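Undergrad: I have a structure I would like to understand better, so I am pasting it below and will then ask my questions one at a time.
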Amino acid sequence: MVSQKKIDPWGSLDIKDYRKLFEDFGIESFDKYKNKLKDNRYVRRGIIFGHRDFGKIMNAIEGKKPYIMMTGLMPSGKFHLGHKMVADQIIYHQQMGACVYVCSADLEAYVMRGMDLPKAREIALTEYLLNYVALGLDLDNTTFWFQTDYVVPYYRFRDMLSRKVTLNELKGIYGKLSPGKILAVLAQSADILHPQLEQFNGPTPTVVPVGADQDPHIRLTRDLSGRFQLEYGLIPPASTYHKFMRGLQGGKMSSSIPKSAIALSDKPKEAIGKIMSAKTGGRPTVDEQKEKGGVPEECTVYDLFLYHLVEDDDGLELIYRQCKSGELICGECKAKCSDLMAKYLDQHHKKIGKAAKTLEKYLNK
Ligand code: TRP
Ligand code: SF4
């Protein structure tokens, strides 16, 4: 029987079992690249857990051949630690030699989320791009655009894509359609593929780092690339999939639920408040914790160490073991986390000051 399961890119995704994505959708495990990319914290720790066709990108990296890293940001609100994970990946690829393309999905925010365009633009620049630069993105080697404000070859190609896909095919992938949804889908395919047109880089292996919720777009775009094979020689884009950080309250991490997410603009004090009230994997009483140990797998404080605060694997393992054995209790652990977070934010805020100047120059060019 054909699987009826669907991923809805605009739904709120709760993928309990990432392994199922391998069976149900044909995403492949990223394990075999763990050794080759062990300088990447997210790869080492299995946070980047899956891919399609990444072999092409690995070859390009190893052969020092050109490749493109393309991804899009949804301007939604404050830039938080979940967004930082994507930014770190963009910057990682740039440092590996990729040609970087990043778009602000302001059209998608407008048609699918009811956001107005000036607001989307402001958020993209003052929250996302500014933090990208502070985290290390080199704007001189980045093509950044707004879906609503870009160049003719991109729009021409987006519109041409409509001839290569049927309504039934889109219904099969996305369920109920609307004019806006169709436009957002075509725009996203154009975002991913247009860097391979001759006006840009020409046919080049491309990788798109995304959350698994974006996989329907990736599958469609890979198919569409094949249908332009003769005309443009497009290479089907590869993708990598990362796990989402859970919110600090245990649910979704979202800028619309301030307590769920630490924003990179949060004052250290605010961030510490959020850590103090975060959901842990601790036991109801200290005695019970000492006896049975905590459950780091269920702890959002542990997530902060894992994703962002502890680079060194031995240091992370120590926290893990001390939590499990009951040596570490949550109060102490939160204090340690708060300390690291406060230091991190202070440093980052200094970088923001410099990044603001760089961004201003870039925008006035
Ligand atoms: N749909 C993506 C999101 O919701 C944003 C996006 C637009 C994107 N264009 C893209 C992602 C191209 C990857 C590649 O976050
Ligand atoms: Fe989480 Fe730390 Fe408590 Fe373990 S000791 S459950 S890692 S807060």
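Undergrad: Among the charged types (D, E, K, R) and under 19 Å from Ala87 (Cβ atoms), is that true of Asp314?
TA: On the way: among the charged types (D, E, K, R): yes; under 19 Å from Ala87 (Cβ atoms): no.
Criteria not met by Asp314.
Undergrad: Quickly run through region 74-101 and pick out the residues that are within 17 Å of Tyr154 (Cβ to Cβ) and buried (at least 23 other Cβ atoms within 10 Å of the Cβ).
TA: The first filter runs over region 74-101 and keeps only residues within 17 Å of Tyr154 (Cβ to Cβ), leaving 99-101.
Hit for region 74-101 is Tyr101, nothing else.
Undergrad: Determine which member of the set Tyr33, Tyr128, Tyr42 is under 21 Å from Leu306 (Cα atoms) and open to solvent by less than 10 Å² (accessible area, probe 1.4 Å). Give the derivation first.
TA: Details: Tyr33 fails: open to solvent by less than 10 Å² (accessible area, probe 1.4 Å); Tyr128 fails: under 21 Å from Leu306 (Cα atoms).
Result of the check over Tyr33, Tyr128, Tyr42: Tyr42.
Undergrad: Scanning for something modelled with pLDDT of 95 or more and surrounded by fewer than 20 Cβ atoms within 10 Å (Cβ to Cβ), does region 184-194 turn up at least one residue? Give the derivation first.
TA: First, the residues of region 184-194 that are modelled with pLDDT of 95 or more: 184-194.
In the following step, the residues that additionally are surrounded by fewer than 20 Cβ atoms within 10 Å (Cβ to Cβ) were identified as none.
Scanning region 184-194, I find no residue that is modelled with pLDDT of 95 or more and surrounded by fewer than 20 Cβ atoms within 10 Å (Cβ to Cβ), so the answer is no.
Undergrad: Does region 309-328 include one or more residues that are aromatic (Phe, Trp, Tyr) and away from ligand 2 (no atom under 12 Å from the Cβ)?
TA: Initial filter on region 309-328 (aromatic (Phe, Trp, Tyr)): 320.
If we keep only those that are away from ligand 2 (no atom under 12 Å from the Cβ) as well, we get none.
No; the residues of region 309-328 include none that is aromatic (Phe, Trp, Tyr) and away from ligand 2 (no atom under 12 Å from the Cβ).
Undergrad: Among the numbered conditions (1) surrounded by 13 or more Cβ atoms within 10 Å (Cβ to Cβ); (2) more than 30 Å from Asp138 (Cβ to Cβ), tell me where Tyr344 comes up short.
TA: Answer for Tyr344: the failing condition is (2).
Undergrad: Which pairs do you get when a residue that is open to solvent by 40 Å² or more (accessible area, probe 1.4 Å), found in region 289-308, comes within reach of a residue that is within 7 Å of ligand 2 (Cβ to nearest atom), reach meaning Cβ atoms under 7 angstrom, with the pair 6+ apart or on two chains?
TA: Glu297/Gly281; Glu298/Gly281
The values are calculated or read from the model by the stated rules, or taken from the named source; none is laboratory data. This is a predicted model, so every value here is computed, not measured. Here the Cβ is made from the backbone with ideal geometry for all residues, glycine too, and neighbour counts use every protein chain on show. For accessibility, only protein heavy atoms count, side chains too; no ligands or nucleic acids. Shrake-Rupley method; radii C 1.70, N 1.55, O 1.52, S 1.80 Å.
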